[in-house]
Amino acid sequence: MSFRIGIDLGGTKTEGLLLDPGGTELARLRVPTVPGSYAACLDTLRDLVAALERHLPPGAAPARVGLGIPGTLSPASGLVKNANSTWLIGKPLDRDLAQSLGRPVRLANDADCFALSEATDGAGAGAATVFGVILGTGVGGGIVVQGRPLSGPNAIAGEWGHNPLPWPQDQERPGPLCYCGRRGCIETFLSGPALSRDDGRGLAAADIAAAAATDPVAEASLVRYEQRLARALAHVINILDPHVIVLGGGLSKLQRLYRTVPRLWGAWVFSDRVDTRLLPPRHGDSSGVRGAAWL
């Protein structure tokens with residue numbers, strides 16, 4: 001059996017993890033993501049793999065490498081599409097990185113990696129259907145059914161972030177412009193930058209959450225966020241009816257979401273009651289990179 005490296009390429013940070021053949025963590029590193037440069041991205045990934053492999057035991061073979069990205073590979077072209085890290089779009093990232101490393105690279109959507117990790121031995125373990133959510137720099141989702149991730153012929157299963165915010169209020173129309181070229185996407189309301197923009201004072205999402213107890217402006221922003229998240233997840237429940245929804249990404253650390261959102265979403269779910277569970281990730285920030293390692 002082989003040693004494995006998983007990498008989670010995020011919009012602001014890139015994390016790598018080295019696992020031994022039994023799944024024990026040997027090393028973990030986190031470095032800033034260099035925005036805007038594909039060449040710098042490849043350099044970062046190559047250097048991260050090299051740094052992690054310095055923790056391999058003497059004589060060990062090079063590790064297998066899996067990579068989760070905020071986008072996916074087009075089945076038609078083999079090039080990256082749908083990435084909010086737009087400098088990746090149109091690039092053969094898996095092939096370029098494989099050439100740089102001198103070995104094959106498995107690549108998947110970061111939300112799919114997250115969902116697979118949490119469905120396997122995380123918060124959704126044992127559930128027949130799991131919807132894994134990323135609420136971070138962007139908004140994504142992954143679907144796992146009976147332990148297997150769904151992809152679909154277009155490799156976009158779970159991409160709820162680029163559906164329109166459902167049941168919009170008048171002040172939410174037409175919605176902010178999204179990098180995809182449309183307005184009012186769920187991502188433009190529920191990402192970390194979207195929460196910061198809604199607050200309007202340049203505060204990061206974590207600072208807004210910390211201030212909410214005594215700051216009415218921050219509290220109002222979070223109340224709007226929770227209501228929008230409830231509507232967006234109700235839409236998912238009406239289509240997929242998952243047993244468990246697991247939140248990931250930086251905003252998943254807001255503990256109030258797990259109390260408030262399930263109290264709200266019943267107003268839009270087409271059912272007499274809602275038994276879907278909304279849970280925090282068991283593996284926290286590690287889930288995406290763990291899922292990538294097991295690709």
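The table below gives the values:
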| quantity | calculated |
| --- | --- |
| Karplus-derived 3J(HN,Hα), 6.51/-1.76/1.60, for each residue of the stretch 220-232, Hz, glycine and proline x | 5, 5, 5, 4, 4, 4, 4, 5, 5, 5, 4, 5, 5 |
| Net charge contributed by nearby residues that have their C-beta within less than 15 Å of residue 275 (K/R +1, D/E -1) | +1 |
| Local electrostatic count, residue 169, Cβ distance below 10 Å [Lys/Arg +1, Asp/Glu -1] | +2 |
| Value of [θ]222 nm, deg cm²/dmol, for the chain, DSSP H segments ≥ 4, -39500 (n - 2.57) each, nearest 500 | -10000 deg cm²/dmol |
| Residues of the stretch 47-75 with amide N under 18 Å of the 7 Å Cα→Cβ point at residue 26 | 47-67 |
| Proximal lysines to residue 91, defined as alpha-carbon separation beneath 18 angstrom and excluding residues fewer than eight positions away on the same chain | 81 |
| Stretch gain in nm, segment residue 210-residue 183, where the contour uses 0.36 nm per residue and the Cα spacing is subtracted | 6.8 nm |
| Per-residue HN-Hα couplings for the stretch 171-182 [Karplus 6.51, -1.76, 1.60; θ = phi - 60°; Hz; x = Gly/Pro] | 6, 9, 9, x, x, x, 6, 9, 4, 6, x, 9 |
| Gain in span if fully extended, residue 51 to residue 37, counting 0.36 nm per residue against the direct Cα distance | 2.9 nm |
| 13 Å cut-off, amide nitrogen to a point 7 angstrom out along residue 201 Cα→Cβ, residues in the stretch 207-245 | 207-222 |
| Relative compactness, the chain, computed as alpha-carbon Rg over 2.2 N^0.38 Å | 0.99 |
| Inter-site label distance for residue 220 and residue 170 at 7 Å from Cα along Cβ, in nm | 1.7 |
| Förster-model FRET efficiency, 22 Å R0, residue 74 and residue 150, C-beta, rounded to 0.05 | 0.85 |
| Integer Hz, Karplus 6.51/-1.76/1.60 couplings in order for the stretch 210-219, x for Gly and Pro | 5, 7, 4, 5, 10, 10, x, 5, 5, 4 |
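Rule-based calculations on the coordinates, nothing more; no lab input. The model shown is predicted, which means the values in this text are computed figures rather than measured ones. Glycine also receives a Cβ, built like all others from the backbone with ideal geometry; neighbour counts cover every protein chain displayed.
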